[in-house]
Every structure is written in C-alpha cells, then in structure tokens.
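Read the structure below first, then the notes.
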C-alpha cells in the first residue's frame, strides 16, 4: 500500500518523523514538485533514534532548498 502526502518544506521533517514512528513503513520517498526523487529512506521495524538522525539531517538540507515536497510512504499490508 502506498500513501502520498503533499507537505510544505517547513513541515517535512516533522511529518517524516511522525510517519516513521507510526510503524509498518517499509520505504519512505521524498520527491520535489516535479516528481524527482530527492531522498529514499529504507525503513524497517528496527529503525529508531540514531539510525534516523542522518536521514533527518538530509531532510533538513532538502527543506532548505525546496518549497513543497511529496512524501510517498510504502507500508506493509
């Protein structure tokens, strides 16, 4: 199952954290307004804290240059 969320750059990190903490996420993809993939995060049940930090730093850099992004979330069914 794939869900899509359109977010403003200032909401990107907060929304991503929320999605990852919800669980059952297998992959999270961040795209720009043109649909180009900016970041792809493979997520597993065991990913928490320290493992998420580098991805969030990358998201911060993306948020600094993008105005709107789309988050695609692949979940286990």
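Every read-out reported here was derived from the displayed coordinates using simple, explicitly stated rules and does not represent laboratory data. In this text, all values refer to a predicted model and were calculated from it rather than measured experimentally. Because the Cβ atoms are built from the backbone with ideal geometry, glycine has one as well, and the counts that use them run over all protein chains shown.
Taking each residue as 0.36 nm, the span from residue 14 to residue 40 lengthens on full extension beyond its C-alpha to C-alpha distance by 7.7 nm. Kindly state, to the nearest 0.05, the FRET efficiency for residue 76 paired with residue 32, given R0 = 25 Å and r defined as their beta-carbon distance. Calculated transfer efficiency: 0.40.
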